[in-house]
Amino acid sequence: MGFLDDLFSESKYLNKEKQPKEAVKTAASAAVQPLQPMRAATGSEPDFPVPFGYKCNWLCVKSDSPIDVIRKLGLKNFEPSNWDKGIEMAYNGYRFISPVLNGYVLVVNYGMALLTLAPELLDESAKKFPELQYFSTHRVSEYHAWVKYVDGEMVRGYGWCGCDGEVLLNKGALTPEEERLGFLNMITSSADDPEKVQLPTEDHVLEIAAAWGIDPGFSGSDYPKTLGYICR
């Protein structure tokens, strides 16, 4: 059994032996990371951006309003939160929506394995923004992905699951940023000899995220103290 099967093998939401593949995909957007109980209070004091990215997934969308992003994605029960508490809760099942950062809004924890479990969720979300990027990385399974949509169309998509030795997606030409970062010899087919190609890592995901729009490590950034939002 591969990683993508293991991901839901014990989920209370899904039983792949009893449900058809489409039912699995439909439920995936809600079940990728089960919610934990809401904390009594979120951070109320504005603070500087908190680095994230490892063992995480997120959207980066072109927008001038986090509230507009929340509305268009259909997120529920939102409340203000600072970065420190917001990122903590994103790693515990909730979603953290950032303030505007250089014309982008981040949605931290949007779904780990959407390339295979619910690609239609990404496609539909991308139609709501002039640009949408999706990143996902999980070091234990060596699951790494980066996708970029412009005007609702996927212009570049790449995904790799090292546990299964499978290239999940390789669509579109390398972007100039990927070329500049040295991604020229990245594995493109599950039939490639792994000793003759470059295998993606979690650091590659963080690097291309920074090159395409917003650095999740916020290295050298001078963003002011702000608040974002916690959502279901």
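The values are calculated or read from the model by the stated rules, or taken from the named source; none is laboratory data. Only a predicted model underlies this, so the values are computations on that prediction, with no experimental measurement involved. Cβ sites come from the backbone with ideal geometry, for glycine too, and all protein chains shown count toward neighbours. Note: areas computed on protein heavy atoms with side chains; ligands, DNA, RNA excluded. Shrake-Rupley method; radii C 1.70, N 1.55, O 1.52, S 1.80 Å.
Considering Lys171, Lys148, the condition of being open to solvent by less than 70 Å² (accessible area, probe 1.4 Å) and touching a strand residue (DSSP E or B) at 6+ places or on another chain (Cβ under 9 Å) is satisfied by Lys148 alone.
Condition check ((1) farther than 11 Å from Tyr229 by Cβ; (2) without any contact (Cβ under 8 Å) to a residue 24 or more places away in the chain; (3) charged (D, E, K, R)) across all residues:
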{"residue": "Asn77", "(1), (2), (3)": "no, no, no"}
{"residue": "Ser81", "(1), (2), (3)": "no, no, no"}
{"residue": "Glu88", "(1), (2), (3)": "yes, yes, yes"}
{"residue": "Tyr94", "(1), (2), (3)": "no, no, no"}
{"residue": "Leu101", "(1), (2), (3)": "yes, no, no"}
{"residue": "Gly111", "(1), (2), (3)": "yes, no, no"}
{"residue": "Leu117", "(1), (2), (3)": "yes, no, no"}
{"residue": "Ala126", "(1), (2), (3)": "yes, no, no"}
{"residue": "Glu131", "(1), (2), (3)": "yes, no, yes"}
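Here Lys18, Lys55 are screened, and the one residue that is touching a Ser or Thr at 6+ places or on another chain (Cβ under 9 Å) and either modelled with pLDDT of 50 or more or not aliphatic (A, V, I, L, M) (or both) is Lys55. Each residue in segment 102-124 was checked for being closer than 21 Å to Tyr223 by Cα and surrounded by fewer than 18 Cβ atoms within 10 Å (Cβ to Cβ), and 2 of them qualify.
For the structure I just gave you, tell me whether Glu88 is in contact with a Cys (Cβ under 9 Å, 6 or more places away or on another chain), open to solvent by 10 Å² or more (accessible area, probe 1.4 Å) and modelled with pLDDT of 95 or more. No: the conditions fail for Glu88.
Considering only residues in segment 186-232 that are of a type in the set (D, E, K, R) and farther than 30 Å from Lys72 by Cβ, the one that is modelled with the highest pLDDT turns out to be Asp203.
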